[in-house]
Amino acid sequence: MTDKLPVNPLLQGLASRAMPEPCSVVIFGATGDLTHRKLVPALYNLAADGDLPPGLCLVGFARRDKTDEVFRTELEEAARKFSRQTINDDLWKNFASAIYYHRSEFGEVEGYHRLRERLNQLDKDRGTRGNRLFYLSAGPDQFENILTNLKSSGLADTPAGSWARVIVEKPFGTDLTTARHLNNTVHKCFEEACTFRIDHFLGKETAQNIMVLRFANSLFEHLWNERYIDHVQITASEQLGIENRAGYYEGAGALRDMVQNHLLQLLCLIAMEPPTDLSADSIRDEKVKVLRSLRRIGRHDVVRSVVRGQYGDGSINGKPVVGYREEKNVKPESVTETYVALRLIIDNWRWADVPFYIRVGKRLPKGGTEIGIHFKNAPGVLFNRDQTGVRDGSQNVLVIRIQPDEGVSLRMQSKVPGASLRIQPVKMDFRYGTSFGKASPEAYERLLLDAMAGDATLFARRDEVEEAWRFIDDIEEGWHSEENESGLFFYPAGSWGPAEADQLIEKDGRAWRRL
Amino acid sequence: MTELQDLVRGMPVEVAQINRSLKALWEQEGNVLTRASLINFAVYSEAPDALSANTQLMEQVTREHACRIILLAANPAASKQRVRAWISAHCHLIGATARQVCSEQIAFLLDGSSPDLLRNILFTHLDSDLPLYLWWQGEFSNQIDQQLWSWVDRFFFDSHSWREPAQQIKILRGSVASAGSRCVLCDLNWRRLIYLRLAVAQLFDHPWAAQQIDAIRDLDITYHPEYWTTAVLFVSWVARQLGWELDEKRDFEYRFKSGKADAPVAVRLTALPGPWIGDVKFGFDQGNLEVKWSGNFLETKLQGESQLKQMLPAGGTTLASLVQEELARGGEHLTYLGALKIAEELWSGE
């Protein structure tokens, strides 16, 4: 039993953010890819930067049989490969001394009781203060098992002065029904305030900068509405195919894999109203309002507003690649979309009649995620096309590059030096890489720190997830209705997607940005 | 050899032609170089060979912080006023691209320096719309007039380098106050302590140690003989955060009254060659908490009802790394200002 501990006055003024508290981090599915590629490298980097509390320990919970030592060795190999910093041998040794392995089946209740005893002992040995952070990195089909056993073994309950939190990786369900079921299951064990749903896009420096750009500068907010903005484009393109993820991707597709979470989150950050304060719930309240204001795309609108595509064979970076249906473990007759383009409308005062065009796709020519805010044309009264070279569509565009080459640029018109009045677009550019020399932490580093500190701002709330699913479900239902069943368009790998996606935006008199 | 490579050594220019020369430089090299600047970082020194030493230091600093550097090497005792100037740039490759990112540097040698001259040189050569950080190296001689103070956003100094720190702080405070300046005081001596403070603070997060925080019996610190001011700043931080009041001050021993404990806390400082602060040990009735410098790390130990050993990063030890750390932090350093009040009391009379 831990009495409530006094506030540590020595921590005050040390950092401008909430400090992470000593805790045990238990990763369910610890032998998986995520732990090796992202989580442990992130924790190591935090340790190397002095951001991890000394009392932290990491317990990997998985089915395979191995010792602490073997587990540590495997994680060291992964950290050396994936860490953004070079591994220091002494520091790794120190960090690894706090890593343990706990073998158990996810459904084995006794395994959780043993885990509880182990964590209690770690509290005494390492001063983790009874705090527990459970990371569900296992397959979604295991979540219910894990959560139920956490509850029944008492691990989800903590004495006064301690906390237990759960981090849930996406996908948060596959539709509204399953998402609600998952949320209900989580809530039987953990309160919403202790539930952290990861969307790693929110941990990216540039995604966090969207709010700063909008609300720390007086310049933009007056223009950030339907009077001045013509349309918004959000693009997430990948050169990669599905790699080894066919098992998951066949059941998901681009809409569920990327739009439901990452792209709608970016849309919310762009479209939201200023929050009343910077608390997690105030910000998330505003994001939910955006999702609720999205005009639903039902079966009668889906053909007009959504294009689904699937890549065929082609070439990427000059090398031939196979089409989706030829990828390993993909059904030859698969109708899973690897590309989707949508035209969305937000029905509120700020965004009335401003279309948001979103596209996401695999096996496109370039990889990158960006947001383009296209402003309305200036009145063609003073400078017109014939005399000065101003073309229709040469709008001012504010581009927020989420990855790679993170930064912000503004395209505007300028006179070309010379005797005649010729006008050409030029770009004002701010790049993270050349302005802030120090590398940003990886998204997972920030997110793990925030979870340990109890700050949920960068995590999705229950209602955000469910509203997003409600929106996506309508589209899925529309796709699979009888009248729309044939709506899958093919595109060669290495092209910018199906011609029908170009038509989606061109019929409005606009064009996709050239990345 | 391109003109820019000459510039890295410093190209002499007429003071009145500095901006034009810089513009010509970027026009010439703009295809392969990117000029970057987030702040004006002015460095003032009266030490001989300051320009050379500070140029090397800034080469390190600009790896992480793009700025326009203005180096001011002053010789106030010179009989005749004269100003000479050089321009150069610090360029670094960023990421995997072939493009170099460059911070430009203007170096001045000021013979017969005065507040008027200093103000004029700075005002003329600041990159517009950017904040001004001014680093005063060495003793503070109150050469900054009111108008210049009003432009300084952050004032860097190192109280470790002062012979009489209490007196210097008094002069500095007076100068800032009379100018009505709201600049933030950035003491590199305080920055030296950041990793040590983090380590100590985090150790006291351990449940057993947290229970002992109001029952500290003594505090023993070993420090390098030249870093007495640093050790005193550390003691001042602890005292301020824990609400201790100075009861008695002897040579290198202090007694503090803690409102929450019966017995006073004995603080002992011992000079020993080694790191600026080699060892910090908090003694309790039934154990102790120790942080010891070990190579590039801080070895932390908790011994008592619970035992814990940890290694934590110690941060960089060079002046460049301190400056980089300080530049990476914002805020008004309120914790420092609070600790400073106690430090002034401990510094005075020693």
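Candidates A:66, A:38: the one that is on the phi < 0 side of the Ramachandran plot and in contact with a strand residue (DSSP E or B) (Cβ under 9 Å, 6 or more places away or on another chain) is A:66. For residue B:122, the criteria (1) open to solvent by 10 Å² or more (accessible area, probe 1.4 Å); (2) in contact (Cβ under 8 Å) with a residue 40 or more places away in the chain hold in every case but one, which is (1). When the test is whether a residue is within 23 Å of residue A:54 (Cα to Cα) and aliphatic (A, V, I, L, M), residue A:213 does not pass it.
State which residue is modelled with the lowest pLDDT when the search covers only segment A:123-145 and only residues that are on the phi > 0 side of the Ramachandran plot and touching a strand residue (DSSP E or B) at 6+ places or on another chain (Cβ under 9 Å). Give the derivation first.
Going residue by residue through segment A:123-145, those that are on the phi > 0 side of the Ramachandran plot are A:127, A:129-130.
Checking the rest, the ones that are also touching a strand residue (DSSP E or B) at 6+ places or on another chain (Cβ under 9 Å) come to A:127, A:130.
On the way: A:127: 88, A:130: 93.
Per the stated criteria, the residue is A:127.
Among what's in segment B:129-179 and is acidic (Asp, Glu) and over 19 Å from residue B:190 (Cβ atoms), pick the residue that is surrounded by the most Cβ atoms within 10 Å (Cβ to Cβ). In this case the residue turns out to be B:145. Of all the listed residues (A:410, A:458), the sole one being open to solvent by less than 60 Å² (accessible area, probe 1.4 Å), under 24 Å from residue A:48 (Cα atoms) and more than 14 Å from chain B (Cβ to nearest Cβ) is A:458. Residues that are in contact (Cβ under 8 Å) with a residue 24 or more places away in the chain and open to solvent by 10 Å² or more (accessible area, probe 1.4 Å) within segment A:123-147 comprise A:123, A:126, A:129, A:132, A:137, A:138, A:139, A:140, A:142, A:144, A:145, listed in sequence order.
A quick yes/no check of all residues on (1) touching a helix residue (DSSP H, G or I) at 6+ places or on another chain (Cβ under 7 Å); (2) closer than 20 Å to residue A:211 by Cα; (3) not basic (Lys, Arg):
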residue	(1), (2), (3)
A:296	yes, no, no
A:299	yes, no, no
A:303	yes, no, yes
A:319	no, no, no
A:329	yes, no, yes
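Of the helices (runs of 4 or more DSSP H) lying entirely inside segment A:264-316, those carrying at least 2 residues that are open to solvent by 70 Å² or more (accessible area, probe 1.4 Å) are A:280-293, A:302-305.
For segment A:463-485, the tally of residues that are under 21 Å from residue A:257 (Cα atoms) and open to solvent by 50 Å² or more (accessible area, probe 1.4 Å) stands at 4.
Of the residues B:319, B:334, the single one that is open to solvent by 50 Å² or more (accessible area, probe 1.4 Å) and without any contact (Cβ under 8 Å) to a residue 12 or more places away in the chain is B:334. Counting only helices (runs of 4 or more DSSP H) that sit wholly inside segment A:407-490, those with at least 1 residues that are in contact with a Lys or Arg (Cβ under 8 Å, 6 or more places away or on another chain) and modelled with pLDDT of 80 or more are A:443-453, A:462-479. No other residue among A:40, A:26 is under 19 Å from residue A:130 (Cβ atoms), more than 10 Å from chain B (Cβ to nearest Cβ), modelled with pLDDT of 90 or more and outside any loop (DSSP other than H, G, I, E, B) apart from A:26.
Among the residues making up segment B:218-244, a single one is at pLDDT below 95 and open to solvent by 80 Å² or more (accessible area, probe 1.4 Å): B:226.
What residue, among those in segment B:252-282 that are charged (D, E, K, R) and either in contact with a strand residue (DSSP E or B) (Cβ under 9 Å, 6 or more places away or on another chain) or open to solvent by less than 10 Å² (accessible area, probe 1.4 Å) (or both), is nearest to residue B:215 (Cα to Cα)? Even if it seems obvious, please write down each step before you answer.
First pass over segment B:252-282, keeping only residues charged (D, E, K, R): B:253, B:255, B:257, B:260, B:262, B:268, B:279, B:281.
Next, only the ones that are either in contact with a strand residue (DSSP E or B) (Cβ under 9 Å, 6 or more places away or on another chain) or open to solvent by less than 10 Å² (accessible area, probe 1.4 Å) (or both) stay: B:253, B:255, B:257, B:268, B:279, B:281.
Values: B:253: 19, B:255: 14, B:257: 11, B:268: 17, B:279: 20, B:281: 14 Å.
Among those that are charged (D, E, K, R) and either in contact with a strand residue (DSSP E or B) (Cβ under 9 Å, 6 or more places away or on another chain) or open to solvent by less than 10 Å² (accessible area, probe 1.4 Å) (or both), it is B:257.
The set of residues in segment B:328-350 being modelled with pLDDT of 90 or more, under 23 Å from residue B:135 (Cβ atoms) and among the hydrophobic types (A, V, I, L, M, F, W, C) consists of B:334, B:337, B:339, B:340, B:343, B:347.
Check whether at least one residue in segment A:340-358 is among the aromatic types (Phe, Trp, Tyr), open to solvent by less than 10 Å² (accessible area, probe 1.4 Å) and in a loop (DSSP other than H, G, I, E, B), and report yes or no.
Just the residues of segment A:340-358 that are among the aromatic types (Phe, Trp, Tyr), to begin with: A:349, A:351, A:356-357.
Retained after the next criterion (residues that are open to solvent by less than 10 Å² (accessible area, probe 1.4 Å)): A:351, A:356-357.
Applying the additional criterion that residues be in a loop (DSSP other than H, G, I, E, B) yields A:351.
Yes; the residues of segment A:340-358 include at least one that is among the aromatic types (Phe, Trp, Tyr), open to solvent by less than 10 Å² (accessible area, probe 1.4 Å) and in a loop (DSSP other than H, G, I, E, B).
If you scan segment A:43-68, which residues turn out to be within 9 Å of chain B (Cβ to nearest Cβ) and not in a loop (DSSP other than H, G, I, E, B)? A:47, A:48 - these are the residues of segment A:43-68 that are within 9 Å of chain B (Cβ to nearest Cβ) and not in a loop (DSSP other than H, G, I, E, B).
Take the conditions within 14 Å of chain A (Cβ to nearest Cβ), open to solvent by 50 Å² or more (accessible area, probe 1.4 Å), more than 21 Å from residue A:49 (Cα to Cα) and not β-branched (Val, Ile, Thr) and apply them to residue B:307. Does it pass? Before you say what the answer is, go through the steps one by one.
Details: within 14 Å of chain A (Cβ to nearest Cβ): yes; open to solvent by 50 Å² or more (accessible area, probe 1.4 Å): yes; more than 21 Å from residue A:49 (Cα to Cα): yes; not β-branched (Val, Ile, Thr): yes.
Against the criterion (within 14 Å of chain A (Cβ to nearest Cβ), open to solvent by 50 Å² or more (accessible area, probe 1.4 Å), more than 21 Å from residue A:49 (Cα to Cα) and not β-branched (Val, Ile, Thr)), residue B:307 qualifies.
The values are calculated or read from the model by the stated rules, or taken from the named source; none is laboratory data. If you're wondering where the values come from, they're calculated on a predicted model, not measured in any experiment. FYI the Cβ positions are ideal-geometry reconstructions off the backbone, even for glycines, and counts take in every protein chain you see. All accessible areas refer to the heavy atoms of the entire protein, side chains included, with ligands and DNA or RNA removed. Shrake-Rupley method; radii C 1.70, N 1.55, O 1.52, S 1.80 Å.
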